[in-house]
Each structure stands twice: as structure tokens, then as C-alpha cells.
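S.K.: To start, I am sharing the structure in question, which I have written as C-alpha cells.
The values are calculated or read from the model by the stated rules, or taken from the named source; none is laboratory data. Note that the structure is predicted; figures quoted are calculated from it, not measured. Ideal geometry is used to build each Cβ from the backbone, glycine not excepted, and the neighbour counts take in all protein chains shown.
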Amino acid sequence: MQKQEFTITLYTENSVGLIGRISGIFSRRKINIESLNTSPSEVEGIHRFTIVIQENEEVVRKLCRQLEKQIDVMKAYYNTDDEIVWQEQALYKVPADVVTEKVYVERLLRQYGASTVVIRQDYIVFETAGHREEIDRLTEELNKYGLIEFVRGARIAIIKNSAGIHQKVLQFENREPSPHIVENEYLDKRDNVFTM
Amino acid sequence: MNTLEINEQKDTRSAEAIEISGSKAVLEALLQENVDTVFGYPGGAIMPIYDALYDYSEKLKHILVRHEQGAVHAAQGFARVSGKTGVVFATSGPGATNLVTGLADAMIDSNPLVCITGQVYASLLGTDAFQETDVINITTPVTKWNYQVTDATEIPEAIAKAFYIANTGRPGPVLIDITKNAQLQLFDYLGYKKCTHIRSYRPEPEIRKEYIEKAAQLINQAKKPFVLFGQGVILGKAEDEFKSFIEKANLPAAATVMGLSALPTDHRLHVGMLGMHGNYAPNVMTNECDVLIAVGMRFDDRVTGRLDKYAKQAKVIHLDIDPAEIDKNVKTTVPVWGDCKKTLPLLTALLKENDHSEWVEKFRELEKEEIKEVIHNELNPTTDAMTMGEVIRVLNELTNGEAIITTDVGQHQMVACRYARYNHSKSSVTSGGLGTMGFGLPAAIGAWYGAPEKTVVAIIGDGGFQMTLQELGTIMQFGAKVKILILNNEFLGMVRQWQQLFHDRRYSFVNITSPDFVAVAKGYYIEGEKISERKDLKAALEKMLSHDGAYLLEVMVGKENNVFPMVAQGTSVSEIRLK
Ligand SMILES: Cc1ncc(C[n+]2csc(CCOP(=O)(O)OP(=O)(O)O)c2C)c(N)n1
């Protein structure tokens, strides 16, 4: 199976030290986390982790089971890029004179949907959000004009085909076992999937 | 205020609060969880709890071990034999770090433990204070859950959660780290409430009927069904359910090391032990069965050998409470999620009664071959030197499969697991997943506290015994009637065996000399004897078993004997070698 980009979404309790527990599950398997974001979720008191890794699906599936097994993790989802709407934010600091003198830089920024965050006499800070390739392209362009500083934020993602966690939380709170805690698509398809 | 007053308030969370210290709340919590035995070692950061313990000594037995590693292994032995949760106290810093090996061992072997460690004052956290270590981070990978308490009001709930997590679903060790200020702090105690639900924790996956049906259908159609059972059967208290299951359709069943004793060794469908030093038939037949039914086991690599050559021909049914185990190592055709106490009867109900006698007979045929090639010589040697196997054979004759046997790690462990007989569940205690030398002696102490009415025999190598022999002090002081059987081959035997087979007999640092073990035992006021002649074996074992109290018997065995059969690393289970 080929490696590809997967976005893992975890819904968790908001507890101290959980990041360590979760990142340990990756590092122990020598899986590099490309991007990690934690934030509140749509439900108060529940946290959402968005983690990007390059792996094959089999590994990611097993990983998600191990993640979901952690006491403070409610649910783990994994998705390929086409199953999510995702964004990464970036900030660029460029010398002010370049922007003011060379109008096409401004055009470039507009083309990429960047907006100005700070204007100073000596530099300007732009902000944009988008897919990595878009950000990479703009970075590459701005590099030609003396990009002073650049930083990109972690990926955040919305799963296209998901009703969020509201329903699930109710189930979790109700003590009732959720009917589909794990899915096994391999029921009776062993010969097709045996890879080892 | 005495402890009774508080007890009477249990579960009521009465409006009237009593002011008590965090330490007292810890001990109250333990009583509410029906804990009667704690293994531990004090120190500055846990002194308030020990101080409180002084008033509780009639209700809570505290066993002072000689090293914190011994406390965890003892608690593991206790848990494995009693089915209860083992409890450990240790202080901060070095006390807590000494727990790590035991925690890792308990984690991989799914032993329910609650470890309570003291910690420096909350105000000192992160300052490299005296005896401060980041216990939470150190133990995260080796605990099912851990939590640091910095305020006494959190204590009842944290401990309730700890017990619930440790002992539900797939059991495991839990660690609660309590800062000293929280232990000392007085707070309004409202009684103790057991935990029965945690929002983000599902101990048991939902049982899916359709998979049970599918599994039953596969078993009913199978010509050569084969059952592998692990500790899950014991942890699920499903021994009877398991027996009914295999008996109804006459399914041959083999144990993993951790599954030993779940089914009496002499059961007609018990076809031996799986894995690297398991029996010949079950290893070979794994690659011949058409349906492989794994019950509460996790396809450890010591069981499967080379995965790409493991049971490729078979459809696999996997019963497990831990969803993460399904497909982890071996692809499953039908997963049966859930507690096997519940899933097995559902499955049994759908099974057709079946004979499979020809198929079962095949195991017996291969067994005969193994007896001829290996077992007979091991159990009835004609050499001068005694074999480990014959020691176990005589032990079996004297104990009739009634003893609890703990082992350390090495050749003697594999020999004990292969040849010891078990009539009752929970009578084999060994370090399966981590293979921890030094486990056997402290585990035996814990096992004895878990079942003091039983004979507990610890079978230990000359190497491993020297890793935790200080626990003889615990035996001396607390009178645990443990029988210690040292099988001395004057080598780190298992490593030597590998060096012989795979490293051209280059015996690099496996020659280990030992003290006069009997004299050491005597130093601890423990009776003992050393023998090196076959003619003395039976009498010596009899003496050990009939002695009222702890006893150490050292048996000198052949120096370069090997444990066979063996599935060499990197080979397939069906390539198991008989010599
Ligand atoms: C703590 C620890 N260190 C090292 C090992 C590696 N190891 C496995 S078996 C073994 C030899 C054990 O020798 P001994 O206790 O004399 O038992 P024998 O194999 O001779 O029966 C060693 C060193 C281990 N399992 N655990």
C-alpha cells in the first residue's frame, strides 16, 4: 500500500498531558507528524486535534484504533485530502519598499487572496490561508522579493461527510455503547486484502 | 474521627461533609474498593499517606517490599491469582522510577494495577526539586491511564476512576501521582462514589450479532477448526463458557503462554502450548487448519513466528475485547468484538455439535512424535545431569496440578510452561509479554497473598533470581509461604541457547556465578537445601512442599541443555524444529 497524506481528527477530553500521550503513539511507531493542531471543537469542553501524517491506509487505520483506545480520546477519524475541507494559514513579512515600489507584488498578493495584517515603514506582514501548494507557491514568489520571515500554521480541517460530534457526545454521555465503535470493512474479504 | 464514621457514609455523598486529609481520603478510597493488601515502600513524598496508614493497619495489610520493582511484580502476582486489582505505594523520584519495569510488564500482560506515587509539593513541580521526577511523562507509555493530583479534593474521584479503568475492558496498570500538599491538605469529604462510567472511555465494544452469526457459520462449515486461547479467557472469567464452546463442537484448543491454566492441562481438547517453545502439534497445525479461532489473545510475534507465513490458508475469527487488537498483526476474516464471557455463549448457542475426531487425532499423532523426540528424554533423562523437565515432572507428581506456579524468565520458564500441569485457572503466573527477569520471586509473594491457602511455587533461574533476591527479606519479614525452586544451570541459559544455535557457540558473558543460595536464604532465616543428584530430587521436593513456611530448593541441572521444540526467530511456526 502506498503512502499518502492523511488527516486524523480526534475528539478528546480537554485534559492535561494528553498531547504527550497522543504524540507518543506516533513517535513509538516512528511516524512523523507533519502538522498538529489542537483547538476547541463544536462542543464545549471537547477538544479537537487535527494531525497530518504521510502513511499508508492500513497503518493509519491501526493507528486510529490505538488512539481511540486512549481513555481521554472519544473518537478518531482519518481522511484523505479529498474527503476534507482544509486550510493552513501563513504569515509573510516582506520589505515595505518592495511592495510599494513594485506594484506587481501587490497584484501577486491579491491573486493569492492575501491580506495585510501590519503595515510599517520598513516591512509589511501579509496573511493568507489555503492549501499547502498555494502557500508554497506564494512563498516561492515572495522569496524573490526579499521575504524576511515566513511562518505557516498547522492544518485545520472540516470533514465533508460528518455530522460533527454532537450526536456522539450524547451517546457517550448516555452510557450507551455506540453501535459502531469500529468499522471493519474487511469482513469476509480476507483474500483481497491480505498484504503481508 | 475514626475510619468507621467515614465508611458509613459510603456512596451516599451525604450533604454533611467531614473534613479529612487527602491521605485519609486515599485510604478510604482503597477500603471502598475492597482493597485489603497493598505492596509498597515509603519515602518523603508519600509520608503523609504512610502516616495515615498507621491508623488503618487493621484493615489494610501493607507489605513492605525491598525494592519498588518488587512491589509492582508482587501486585501483579496478586492480581493474576486473585482476579482483583493490585495496589502499590511508592514515593516520588527514585521510588516512582523503580516502578517502570513492573508497569511495562503489567501493561503488556494486561494486569489491573493501581499505583499511587507521592510527588513533591505542587509549588515545587518543575523546579528539579529534591526527588522530583516527571512521573506522569515517564509512565505514560506504560500505563493504561495516569493522572497527577495536586489538590486533595480531586482524590476520591481520581482513585475511583483509577480502579474503574484498571479493572474494566482490557485491564491494565494505572498510576495516580499525588503531590505532598494534596496528601496533607484538609478538605470537605463527601463520601466515596465508585466510578461506573467515563464519558470518553468504552471498556467494551458493542457485540455485533451479525459477526457472531458469521463466525458460527464458519466454524460449522470448518473441517479443521483450531482454537487458540489467551489470557482473555481468564481476564473475562470465561473459563466455563470457553469449555462449553470447545466441547460442543469438539474444537482442539491450544494455549498461549498467558492463556495457560484457563483450561485444565488434561482436558481432552487441550492440545498444548503455542509459540516459540510451544508444542509441536499446535504450531504445525496452525498452518493446516481451515478456520483459526483466536480467543482473548493478541498474536504476539513469539506466537506467530513469521507473519507472512502464518496461517495463510485459514479464515481467522478473532474474539477480543480490545478493538485495537483486531487486524493488528493477523488479518481477521470475522472480528468478534466484546467480552468473551458474553460473546462465547452467543457463539456456542449457534454451533452445531460436531465430532472432528479425525482432526483432533492428528494433533495427538504429532504429539506422539514430540514425546518420542523431545518430551520423553526431557522428562526421563538417562544422562547424569538432571534436566529442568524432570524436576517439573516430579513436582507435578507431588502437587497434582494443584499448585500455583510463578516463573521467572528464561529456559526454566519455558520448561515450566511446557510441562507444569494446571487443574485450575489463574494458577500460572509468568511474565509473558515483557519477559522480565526478576519477576518470579516477587510475583510469587503477591500470588501467595492472593491465594494464601494454595501452594505457591516460584520456578526461577540462577540468573533471574539474582535480579530481585532482596525480596527474600519481604518473605522473611511477612511470612509469605513461598516455595522457591531455583533451577541452576550456571548459565544465563536462554541466552546461551541462542548463542549456541545462532551465534556459533560464542558464549559471550552468559557464564554467571552464583552465591551459595541456601546460605543466602539462611541469612534471611529461610530454610533451604541444594541438590545435584537425581536420587535426591523427589525427597527434596517433598520436603520443600511439606515445609510449613517459605523454603528455597536449589537444583543443579545440566549446564548446556536446550529447550526444544523451537520456532527459530524469522521462521514459520510450521518450521518448528524438534531438536
Ligand atoms: C531484565 C532482563 N534482562 C535481560 C533479559 C534477557 N534474558 C532473557 S532469558 C535470560 C537468561 C536467563 O538466565 P537464568 O535466569 O539463569 O535462567 P535460565 O535461562 O538459565 O533458565 C536473559 C539474560 C531479560 N529477559 N530480562
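S.K.: Taking the options B:Ala215, B:Ala222, B:Ala254, B:Ala262, name whichever one is crowded, with 24+ Cβ neighbours inside 10 Å, in contact with an Asp or Glu (Cβ under 8 Å, 6 or more places away or on another chain) and of a type in the set (A, V, I, L, M, F, W, C).
M.R.: Answer to the check: B:Ala262.
S.K.: Moving on. If you scan segment B:269-304, which residues turn out to be within 15 Å of B:Glu365 (Cβ to Cβ) and charged (D, E, K, R)?
M.R.: B:Glu288
S.K.: I need the full set of residues from segment B:472-489 which are more than 8 Å from the ligand (Cβ to nearest atom) and surrounded by fewer than 24 Cβ atoms within 10 Å (Cβ to Cβ), in order please. Steps first, please.
M.R.: Keep residues of segment B:472-489 that are more than 8 Å from the ligand (Cβ to nearest atom), which gives B:472-486.
Those that are more than 8 Å from the ligand (Cβ to nearest atom) and surrounded by fewer than 24 Cβ atoms within 10 Å (Cβ to Cβ): B:Gly473, B:Met476, B:Gln477, B:Phe478, B:Gly479, B:Ala480, B:Lys481.
S.K.: Let me ask you something else. Give me a count of the residues in segment A:68-89 that are at the interface with chain B (Cβ under 9 Å from one of its Cβ atoms) and in contact (Cβ under 8 Å) with a residue 12 or more places away in the chain. Break it down stepwise before answering.
M.R.: Looking only at segment A:68-89, we keep the residues that are at the interface with chain B (Cβ under 9 Å from one of its Cβ atoms), and these are A:68-75.
Imposing the further condition that a residue be in contact (Cβ under 8 Å) with a residue 12 or more places away in the chain reduces the set to A:68, A:70, A:72-75.
The number of residues fulfilling the criteria is 6.
S.K.: Is there a residue being of a type in the set (Val, Ile, Thr), crowded, with 20+ Cβ neighbours inside 10 Å, within 14 Å of chain B (Cβ to nearest Cβ) and touching an Asp or Glu at 6+ places or on another chain (Cβ under 8 Å) anywhere in segment A:41-57?
M.R.: Of all residues in segment A:41-57, those of a type in the set (Val, Ile, Thr) come to A:43, A:46, A:50-53.
Applying the additional criterion that residues be crowded, with 20+ Cβ neighbours inside 10 Å yields A:46, A:50-53.
Among the residues that remain, those that are also within 14 Å of chain B (Cβ to nearest Cβ) are: A:46.
Subsequent filtering for residues that are touching an Asp or Glu at 6+ places or on another chain (Cβ under 8 Å) retains A:46.
So far as segment A:41-57 goes, yes, one or more of its residues are of a type in the set (Val, Ile, Thr), crowded, with 20+ Cβ neighbours inside 10 Å, within 14 Å of chain B (Cβ to nearest Cβ) and touching an Asp or Glu at 6+ places or on another chain (Cβ under 8 Å).
S.K.: Also, I was wondering about something else. When you check B:Leu552 against the structure, is it buried (at least 22 other Cβ atoms within 10 Å of the Cβ), more than 14 Å from chain A (Cβ to nearest Cβ) and more than 16 Å from the ligand (Cβ to nearest atom), yes or no?
M.R.: Values: buried (at least 22 other Cβ atoms within 10 Å of the Cβ): yes; more than 14 Å from chain A (Cβ to nearest Cβ): yes; more than 16 Å from the ligand (Cβ to nearest atom): no.
Answer is no for this residue.
S.K.: Moving on. On the given criteria, is B:Thr343 more than 9 Å from chain A (Cβ to nearest Cβ), of a type in the set (Ser, Thr, Tyr) and within 23 Å of the chain's Cα centre (by Cα)? Step through it out loud before you land on a result.
M.R.: Working: more than 9 Å from chain A (Cβ to nearest Cβ): yes; of a type in the set (Ser, Thr, Tyr): yes; within 23 Å of the chain's Cα centre (by Cα): no.
Judged against the criteria, B:Thr343 is not a match.
S.K.: Moving on. For segment B:464-489: of the residues being within 19 Å of B:Gly558 (Cα to Cα) and polar (S, T, N, Q), which is nearest to the chain's Cα centre (by Cα)?
M.R.: Per the stated criteria, the residue is B:Asn488.
S.K.: So, one more: Quick check on segment B:309-340: of everything there that is of a type in the set (S, T, N, Q) and buried (at least 19 other Cβ atoms within 10 Å of the Cβ), which residue is nearest to the other protein chains (Cβ to nearest Cβ)? Write out each step before concluding.
M.R.: As a first pass, look at segment B:309-340 and keep what is of a type in the set (S, T, N, Q): B:313, B:329, B:332-333.
This time we only want the ones that are buried (at least 19 other Cβ atoms within 10 Å of the Cβ), so: B:332-333.
Working: B:Thr332: 7, B:Thr333: 5 Å.
Once the filter is applied, the top-ranked residue is B:Thr333.
S.K.: Out of the residues in segment B:446-471 that are within 16 Å of the ligand (Cβ to nearest atom) and assigned to a helix (DSSP H, G or I), state the one that is nearest to the other protein chains (Cβ to nearest Cβ). Spell out how you get there, then give the answer.
M.R.: Going through segment B:446-471, the residues within 16 Å of the ligand (Cβ to nearest atom) turn out to be B:457-471.
From the residues that got through so far, the ones that are assigned to a helix (DSSP H, G or I) too are B:462-465, B:469-471.
Values: B:Asp462: 34, B:Gly463: 29, B:Gly464: 27, B:Phe465: 32, B:Leu469: 33, B:Gln470: 32, B:Glu471: 31 Å.
The residue in question is B:Gly464.
S.K.: Now, a different point. Kindly evaluate B:Arg364 against the criterion of being surrounded by fewer than 24 Cβ atoms within 10 Å (Cβ to Cβ), closer than 23 Å to B:Phe229 by Cα, within 16 Å of the ligand (Cβ to nearest atom) and among the basic types (Lys, Arg). Quick ask: steps written out before the conclusion?
M.R.: Values: surrounded by fewer than 24 Cβ atoms within 10 Å (Cβ to Cβ): yes; closer than 23 Å to B:Phe229 by Cα: yes; within 16 Å of the ligand (Cβ to nearest atom): no; among the basic types (Lys, Arg): yes.
Criteria not met by B:Arg364.
S.K.: Here's a follow-up. Looking at the structure I just gave you, is B:Ser532 more than 9 Å from the ligand (Cβ to nearest atom), under 24 Å from B:Ala403 (Cα atoms), at pLDDT 95 or above and away from chain A (no Cβ under 14 Å)? Break it down into steps so the answer makes sense when it comes.
M.R.: Numbers: more than 9 Å from the ligand (Cβ to nearest atom): yes; under 24 Å from B:Ala403 (Cα atoms): yes; at pLDDT 95 or above: yes; away from chain A (no Cβ under 14 Å): yes.
Against the criterion (more than 9 Å from the ligand (Cβ to nearest atom), under 24 Å from B:Ala403 (Cα atoms), at pLDDT 95 or above and away from chain A (no Cβ under 14 Å)), B:Ser532 qualifies.
S.K.: Residues B:Arg496, B:Arg506: which one is exposed (fewer than 13 other Cβ atoms within 10 Å of the Cβ) and at pLDDT 95 or above?
M.R.: Values: B:Arg496 fails: exposed (fewer than 13 other Cβ atoms within 10 Å of the Cβ).
Checking each option against the conditions leaves just B:Arg506.
S.K.: Residue check: is B:Gly570 more than 16 Å from the ligand (Cβ to nearest atom) and either modelled with pLDDT under 95 or on the phi < 0 side of the Ramachandran plot (or both)? Can you show your working first?
M.R.: Numbers: more than 16 Å from the ligand (Cβ to nearest atom): yes; either modelled with pLDDT under 95 or on the phi < 0 side of the Ramachandran plot (or both): yes.
So B:Gly570 fits the description; yes.
S.K.: Report the residue count in segment A:120-134 for those that are surrounded by 12 or more Cβ atoms within 10 Å (Cβ to Cβ) and in contact with a helix residue (DSSP H, G or I) (Cβ under 9 Å, 6 or more places away or on another chain).
M.R.: Qualifying residue count for the region: 7.
S.K.: From the list A:Leu67, A:Leu18, A:Leu108, pick out the single residue that is under 27 Å from B:Tyr164 (Cβ atoms) and in contact with an Asp or Glu (Cβ under 7 Å, 6 or more places away or on another chain).
M.R.: On the way: A:Leu67 fails: in contact with an Asp or Glu (Cβ under 7 Å, 6 or more places away or on another chain); A:Leu108 fails: under 27 Å from B:Tyr164 (Cβ atoms).
Answer to the selection: A:Leu18.
S.K.: Find the helices (runs of 4 or more DSSP H) located wholly in segment B:32-129 whose residues include 3 or more that are of a type outside the set (Gly, Ala, Ser), and list them.
M.R.: Values: elements: B:47-53, B:68-82, B:94-97, B:100-108.
Once the helices (runs of 4 or more DSSP H) in segment B:32-129 are filtered for at least 3 residues that are of a type outside the set (Gly, Ala, Ser), what remains is B:47-53, B:68-82, B:100-108.
S.K.: Between a residue in segment B:489-504 that is in contact (Cβ under 8 Å) with a residue 12 or more places away in the chain and any residue that is more than 7 Å from the ligand (Cβ to nearest atom) and of a type in the set (Val, Ile, Thr), which pairs come within a Cβ distance under 7 Å, given they are 6 or more apart or on different chains?
M.R.: B:Asn489/B:Val557; B:Phe491/B:Val510; B:Leu492/B:Val510; B:Val495/B:Val510; B:Arg496/B:Val510; B:Gln497/B:Val563
S.K.: Within segment B:79-121, take every residue that is away from every other protein chain (no Cβ under 14 Å), surrounded by fewer than 24 Cβ atoms within 10 Å (Cβ to Cβ) and within 16 Å of the ligand (Cβ to nearest atom) and give me the one that is nearest to B:Ala262 (Cα to Cα).
M.R.: So, considering only residues that are away from every other protein chain (no Cβ under 14 Å), surrounded by fewer than 24 Cβ atoms within 10 Å (Cβ to Cβ) and within 16 Å of the ligand (Cβ to nearest atom), the one nearest to B:Ala262 (Cα to Cα) is B:Thr101.
S.K.: Starting from residues that are within 8 Å of chain B (Cβ to nearest Cβ) and of a type outside the set (Lys, Arg), keep the ones in segment A:14-40 and report whichever is nearest to B:Ala324 (Cα to Cα). Walk me through how you get there before you give the answer.
M.R.: Taking segment A:14-40 as the starting set, the residues that turn out to be within 8 Å of chain B (Cβ to nearest Cβ) are A:16-17, A:20-21, A:24, A:28.
Subsequent filtering for residues that are of a type outside the set (Lys, Arg) retains A:16-17, A:20, A:24.
Numbers: A:Val16: 24, A:Gly17: 22, A:Gly20: 20, A:Gly24: 16 Å.
If we take residues in segment A:14-40 being within 8 Å of chain B (Cβ to nearest Cβ) and of a type outside the set (Lys, Arg), then A:Gly24 is nearest to B:Ala324 (Cα to Cα).
S.K.: Would you list the helices (runs of 4 or more DSSP H) that sit entirely within segment B:211-308 and hold 1 or more residues that are within 14 Å of chain A (Cβ to nearest Cβ) and in contact (Cβ under 8 Å) with a residue 24 or more places away in the chain?
M.R.: Details: elements: B:232-235, B:239-249, B:280-286, B:301-304.
Because the criterion is at least 1 residues that are within 14 Å of chain A (Cβ to nearest Cβ) and in contact (Cβ under 8 Å) with a residue 24 or more places away in the chain, the helices (runs of 4 or more DSSP H) in segment B:211-308 that meet it are B:301-304.
S.K.: What residue, among those in segment B:490-513 that are part of a loop (DSSP other than H, G, I, E, B) and over 27 Å from the mean Cα position of the chain (by Cα), is farthest from the ligand (Cβ to nearest atom)? Lay out the reasoning, then the answer.
M.R.: Pass one, segment B:490-513, residues part of a loop (DSSP other than H, G, I, E, B): B:490, B:492, B:503-510, B:512-513.
Filter again for over 27 Å from the mean Cα position of the chain (by Cα), leaving B:503-509, B:513.
Details: B:His503: 14, B:Asp504: 19, B:Arg505: 16, B:Arg506: 15, B:Tyr507: 12, B:Ser508: 12, B:Phe509: 9, B:Thr513: 11 Å.
This residue is B:Asp504.
S.K.: May I pose another question? Mind checking which residues of segment B:323-377 are in contact (Cβ under 8 Å) with a residue 24 or more places away in the chain and of a type in the set (Lys, Arg)?
M.R.: Residues satisfying the conditions are B:Lys328, B:Lys341, B:Lys342, B:Lys352, B:Lys362, B:Arg364.
S.K.: Considering B:Phe187, B:Phe245, B:Phe226, which residue is closer than 30 Å to B:Thr133 by Cα, modelled with pLDDT of 95 or more and in contact with a helix residue (DSSP H, G or I) (Cβ under 7 Å, 6 or more places away or on another chain)? Steps first, please.
M.R.: On the way: B:Phe245 fails: closer than 30 Å to B:Thr133 by Cα; B:Phe226 fails: closer than 30 Å to B:Thr133 by Cα.
None of the other options fit; the residue is B:Phe187.
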